[in-house]
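K.L.:
Input: one structure, supplied below.
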Amino acid sequence: MFFSVIIPTYNRLPILQKCLAALSQQELTSPHTYEVIVVDDGSTDDTVTWLHTQSLLDLQHYCQSHLGPAAARNLGLQMAQGDTIVFIDSDLVVTDSFLQSHAEALQRGQQQLRHHRLFTYGRVIQTCNFADPTSTPYKLSDYSAAYFATGNVAIARHWLEETGGFDPSFQQYGWEDLELGVRLQQLNLQLVKAPKAVGYHWHPPFRLDQLPQLIEQERQRGRMGAKFYLKHPTLHVKMMVQLTIWHRLLWRLLTINGQLNERSLTPLLQFLIHHHHPQTALGIARIFLNGYQVQSTHLAYTQLREIDTGVQG
């Protein structure tokens, strides 16, 4: 296999450096080979300058204006030479056996299933440890039931070309990979787990000053979720994006009709952070953060339907 590892990035230079350093240490056995493609999505830090000086591995890098990760991955795919594409995020640090594990899982899956309609999905472990991200153990909360998520996936190039790649209209945060997954499912591709292809997804410990950005992310996720459902109006997608009355009722129940929010919960969140429990604080914050997504999804869906109705009229 010839792997093309495609990495979109935006203002993540410190962790991108660790990401690429880990990729330069791959123990990939012959005849397998690989290249790495970084697509900068309009970073305003020193990412592009640093990439010009980088010589750790066979690296290509390209730049685009801030069009989002879907367009960035499509550009990477257009420039890739490999027959097998690996998508990871720029805040993922992989183990030395990462690509070899994907190769073995793909070959094993083809032998067991006796067909080639498959792709592999590796394990993603969440970590706040920037100094040594790969030391973090696997946790139950790291389990993912996603069908196709670009944090750690390997797939034959021709399947991506057959679907047309990512939908570049998903320019904001969320759902562009799961939307592509729906189209891959329509081709009857099977997911094969590759638990030894491990990536450590780094994110900084939760702080209160992150809340405005996290709230905006959830609002964007809601808007993209509405777009996702309008493109694939199935019950499965509707449940994924939480576009049901039951999700609205659940959010109101959990937040006591919105009374538990970033303002009322600030003292508790600050207490937990001060006593070195930032992830517990984030877990509590997820309750009202999810509410922003639910509200945004319903609002965006209503607006998009009105626009669509107006155009048809």
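The values are calculated or read from the model by the stated rules, or taken from the named source; none is laboratory data. Note that this is a predicted model, so its numbers are computed, not measured. We place every Cβ from the backbone using ideal geometry, glycine too, and count neighbours over all the protein chains shown. SASA here: full protein model, heavy atoms, side chains in, ligands and nucleic acids out. Shrake-Rupley method; radii C 1.70, N 1.55, O 1.52, S 1.80 Å.
K.L.:
Please work out the average accessible area per residue across the chain, using the 1.4 Å probe convention, and give it in Å².
P.N.:
49
K.L.:
Counting only the heavy atoms of the protein chains, how much of H275 is accessible to a 1.4 Å probe, in Å² to the nearest 10?
P.N.:
Number for this one is 80 Å².
K.L.:
Run through segment 60-156 and list the chymotrypsin sites (Phe, Trp or Tyr not before Pro) located in a DSSP loop whose Cβ has at most 10 other Cβ atoms within 10 Å.
P.N.:
Here the sparse-neighbourhood loop sites are Y143.
K.L.:
Take the alpha carbon atoms of segment 159-192, find their center, do the same for segment 116-144, and report the distance between the two centers in whole angstrom.
P.N.:
Measuring centre to centre over Cα atoms gives 21 Å.
K.L.:
Something else: Quick one: angle between helix 278-312 and the longest Cα principal axis of the chain, in degrees between 0 and 90, rounded to 10, please.
P.N.:
80
K.L.:
Then there is this: Probe radius 1.4 Å, ligands and nucleic acids left out: which of T53, T127 has the largest accessible area, and how do the rest follow?
P.N.:
Largest to smallest exposure gives the sequence T53, T127.
K.L.:
Let me check against my output: what whole-number percent is the relative contact order of the chain, with C-alpha pairs under 8 Å and at least 6 apart?
P.N.:
18
K.L.:
Give me the angle, in degrees from 0 to 90, between the Cα long axis of helix 13-23 and the longest principal axis of the Cα atoms of the chain, rounded to the nearest 10.
P.N.:
The angle comes out near 40 degrees.
K.L.:
Please count, across the chain, the pairs of lysine residues with Cα atoms under 30 Å apart that sit 8 or more places apart or on different chains.
P.N.:
Counting lysine pairs in the chain gives 10.
K.L.:
For R248, put the label point 7 Å out on the Cα→Cβ axis and report which residues of segment 276-311 keep their amide N under 15 Å from it.
P.N.:
Under 15 Å, as judged by backbone N against the label point of R248, lie 291-306 of segment 276-311.
K.L.:
Let me ask you something else. Please give, to one decimal in nm, the separation of the simple spin-label points placed at Q190 and F2, each 7 Å out from Cα toward the Cβ.
P.N.:
2.8
K.L.:
Using a 10 Å Cβ count of at most 12 others and DSSP loop calls, identify the longest part of the chain lacking such trypsin sites (Lys or Arg not before Pro).
P.N.:
140-262
K.L.:
Residues in segment 189-210, backbone N under 11 Å from the label point at L56 (7 Å along the Cα-to-beta-carbon vector): list them, ranges by number please.
P.N.:
Residues passing the 11 Å test: none.
K.L.:
Between 0 and 90 degrees, rounded to the nearest ten: what's the tilt of helix 98-113 against the longest Cα principal axis of the chain?
P.N.:
90
K.L.:
So what are the ³J(HN,Hα) numbers for segment 249-265, from phi and the Karplus equation (6.51, -1.76, 1.60; θ = phi - 60°), rounded to whole Hz, Gly and Pro as x?
P.N.:
Going residue by residue, I get 5, 5, 4, 5, 5, 5, 9, 6, 6, x, 6, 8, 9, 5, 7, 5, 9 Hz, with x marking Gly and Pro.
K.L.:
Also, quick follow-up: Most mobile of A156, A105, A21 per a Gaussian network model of the chain (Cα springs, under 10 Å)?
P.N.:
Of the options given, A21 has the highest mean-square fluctuation.
K.L.:
Would you report the distance distribution of C-alpha pairs in the chain as whole percents per 20 angstrom bin, up to the bin with the largest distance?
P.N.:
Distribution as computed: 30, 59, 12, 0 percent.
K.L.:
Now a separate question. Which FRET efficiency value, to the nearest 0.05, is calculated for H276 and Y143 with the Förster distance at 41 angstrom and r the Cβ-Cβ distance?
P.N.:
0.95
K.L.:
For segment 78-191, which whole percent of the accessible surface, found with a 1.4 angstrom probe, sits on carbon and sulfur atoms?
P.N.:
47
K.L.:
What shape does segment 1-84 take by its C-alpha gyration tensor, where a ≥ b ≥ c are the square roots of the eigenvalues and a/c under 1.5 counts as rounded, a/b above b/c as prolate, and the rest as oblate?
P.N.:
Oblate.
K.L.:
To continue, here is another question. Projected area of segment 60-137, taken from the Cα convex hull and averaged over every viewing direction, in nm²?
P.N.:
Answer in nm², one decimal: 7.2.
K.L.:
Largest first, what is the accessible-area ranking of D96, D142 with a 1.4 Å probe?
P.N.:
Ranking D96, D142 by accessible area, largest first, yields D96, D142.
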